[in-house]
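Report on the structure given below.
The values are calculated or read from the model by the stated rules, or taken from the named source; none is laboratory data. Everything numeric in this text was worked out from a predicted model, so none of it was measured. FYI the Cβ positions are ideal-geometry reconstructions off the backbone, even for glycines, and counts take in every protein chain you see. Surface accessibility is based on the protein's heavy atoms, side chains included, excluding ligands, DNA and RNA. Shrake-Rupley method; radii C 1.70, N 1.55, O 1.52, S 1.80 Å.
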Amino acid sequence: MSRAPAAGPTGYRRGLRAVVAGGAVSAFGTQMTVLALPWLVLETTGSAARTSLVLLAQVLPIALFGLLGGEVLQRLGARRTMLVSDGTRGVLIAAVPLLYGTGALSFPVLLALVAAAGLAAVPYAASQRLLAGELAGDDQRALTRAHGLIDTVYNSAGFGGPMLAGLLIAVIGAERVLWLDAATFAVSFVVLLGCVPARAGRAAAGGTRPRGVLAGIRHMRADPFLGRTMASTIAGGFVLRFLAICLPLLAFHRYGGDAAVGGLLLAGTGAGMLAGSFLAVLVSRRLGPAPMIAVAMVFQALPLWLLALPAPPVVPLTAVVLSGAAMGFSNAPYFAILTARVPAALQPKVLQAVMTLSTVAGPLGLLAAGVVIDRAGLVPTLLGVAAVITAASVNILVALPLLRSAPAEAVEQPALRVGAAHS
């Protein structure tokens, strides 16, 4: 995969802006769909069980087929994968209000459409980062800025998309919001098709493609830096989901059941991540990725210890904002290092593996959180979260000097045979 210089041709600079802009429109559409689809089910059936099944159908494909997204990305190339994903999701989401309006939308058909849209979304995020990395060039600071812009887009969509969807549902209804969601994917498709150079993000030649769906994981395990940080990524993604349950419980038990405090605590993490990703774009012009990660690891872990203290609400709110900002600040430099360190032929599978592992760890954490809190109690659970995040952060700090070591060699990976139980 060839790269343009950081200050590359005009077409590449315009292409990078298009990848970010198209991804922004697509991300807001995705986040609005997250609310609009279950809301439509609630309005039409009133069934909480059916609503939960729709939510499950949206996220289950990532858990079941996440690693296969690397195969798709490797074979189609990043640009084509994003176009196929946007086009497919636009058609599938548009089919929901279309069939609903004609009275032909049964619940099994809805689940099939939602699951298919979730499957089409699996390789999108890795494709976007891969294409942005190619268009940004080899300079790690330019790569950090590119990934920081993508993080800012996703964090903005995650923070504002559901709120926008809620306002629009109240005004025009969930059915029309779904039409709008489908239109966002169409807009993203047109922007990418018209503004990203066709020569960018092409698939590697067949003979140079590493084989096997676990090739990305194998490469990370063999790399002295990526192998250590992968463990921290999985552990952090698992236990940080505990806070989605711990923070409302904290407001309920410590602050007299004040729902406003609970809402602020949950929003604080999202606001912090948004601020941190934006700050990463600004700071990347002066700092390299490794110093940025070192600073982020300190501020990610230490504030979480404050959650266990009996203190006014401003203390835990400050803690989650600081920790969230550190998470948002660390993401872009990490992906910049990964993009620069991993051989081009392996980047599709490595990026998809990182996305899949971090995504799957989250729902597992949500499932485990309730059990742990019931058995251990709220304060011990918060202390446990702080301890695990501290250990994960220290592990990354210890791994940073390994960046001076040689990256793992890109070796041919054996194909994964059907029916194999383990890698």
Note on R75: of the conditions (1) in contact with a helix residue (DSSP H, G or I) (Cβ under 8 Å, 6 or more places away or on another chain); (2) in contact (Cβ under 8 Å) with a residue 40 or more places away in the chain, unmet is (1)
Go through the stretch 244-273 and report how many residues are hydroxyl-bearing (S, T, Y) and more than 10 Å from L317 (Cα to Cα). 1
Among the numbered criteria (1) modelled with pLDDT of 90 or more; (2) within 19 Å of the chain's Cα centre (by Cα), which one does I62 miss? (1)
Could you check G161 against (1) out of contact with any Pro (no Cβ under 6 Å at 6 or more places or on another chain); (2) modelled with pLDDT of 85 or more and say which number it fails? (2)
Screening A24, A18 for residues that are in contact with a Cys (Cβ under 7 Å, 6 or more places away or on another chain) and within 23 Å of T152 (Cβ to Cβ) leaves only A18
State all residues of the stretch 128-154 that are open to solvent by 10 Å² or more (accessible area, probe 1.4 Å) and either on the phi > 0 side of the Ramachandran plot or among the polar types (S, T, N, Q) (or both); if no residue qualifies, say none. Q140, T152
At positive phi and either at pLDDT below 90 or open to solvent by 10 Å² or more (accessible area, probe 1.4 Å) (or both): does that describe G212? yes
Is it the case that some residue within the stretch 367-376 is closer than 15 Å to T229 by Cα and in contact with a helix residue (DSSP H, G or I) (Cβ under 6 Å, 6 or more places away or on another chain)? no
Could you figure out which of (1) within 24 Å of L367 (Cα to Cα); (2) buried (at least 21 other Cβ atoms within 10 Å of the Cβ) isn't true of L346? (1)
Is the stretch 102-111 home to any residue that is open to solvent by less than 20 Å² (accessible area, probe 1.4 Å) and out of contact with any Asp or Glu (no Cβ under 9 Å at 6 or more places or on another chain)? yes
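Rundown of residues vs (1) under 16 Å from F225 (Cβ atoms); (2) open to solvent by less than 40 Å² (accessible area, probe 1.4 Å); (3) in contact with a strand residue (DSSP E or B) (Cβ under 9 Å, 6 or more places away or on another chain); (4) in contact (Cβ under 8 Å) with a residue 24 or more places away in the chain, yes/no style:
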{"residue": "L279", "(1), (2), (3), (4)": "no, no, no, yes"}
{"residue": "P310", "(1), (2), (3), (4)": "no, no, no, yes"}
{"residue": "P316", "(1), (2), (3), (4)": "no, yes, no, yes"}
{"residue": "F329", "(1), (2), (3), (4)": "no, yes, no, yes"}
{"residue": "L338", "(1), (2), (3), (4)": "yes, yes, no, yes"}
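This table checks each residue for (1) on the phi < 0 side of the Ramachandran plot; (2) open to solvent by less than 10 Å² (accessible area, probe 1.4 Å); (3) modelled with pLDDT of 85 or more.
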residue	(1), (2), (3)
T208	yes, no, no
F225	yes, yes, yes
A244	yes, no, no
L250	yes, yes, yes
G257	no, no, no
L264	yes, no, no
Restricting to the stretch 78-108, count the residues that are within 14 Å of E175 (Cβ to Cβ), of a type in the set (A, V, I, L, M, F, W, C) and touching a helix residue (DSSP H, G or I) at 6+ places or on another chain (Cβ under 6 Å). 5
